[in-house]
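Q: Let me give you the structure first, and then I'll get to my questions.
Since every read-out is calculated from the coordinates, none of them should be taken as a lab result. Worth saying up front: this structure is predicted, and the values here are computed from it rather than measured. When we count neighbours, we look across all protein chains shown, and the Cβ atoms used for this are built from the backbone with ideal geometry, even at glycine.
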């Protein structure tokens, strides 16, 4: 892990097109601004992990789980 020190309003470049800027520092909290292309998803780690869990869960659907889908359409 690379550890860098930055002050408020200073930035870090990741590759050619991602800029992470220190927006604010209050006590033990740091606010970051992230400027990245719209093709690159940016999530907090806990949100990313929840998305990954849901994706794994959805990929494990068994044929029997979908057997009755559509049978009650219009009811």
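Q: Compare 16, 35, 65 in a GNM of the chain, Cα atoms joined below 10 Å, and give the one with the largest fluctuation.
A: 65
Q: Now a separate question. Roughly how compact is the stretch 11-62, stated as its Cα Rg over 2.2 N^0.38 Å to two decimals?
A: Against the compact-globule rule of thumb, the ratio is 1.55.
Q: Obtain the nm distance between the two label points defined at residue 58 and residue 32 by a simple spin-label model: each point lies 7 Å from its Cα along the Cα-to-C-beta direction.
A: Going from the residue 58 label point to the residue 32 one covers 2.5 nm.
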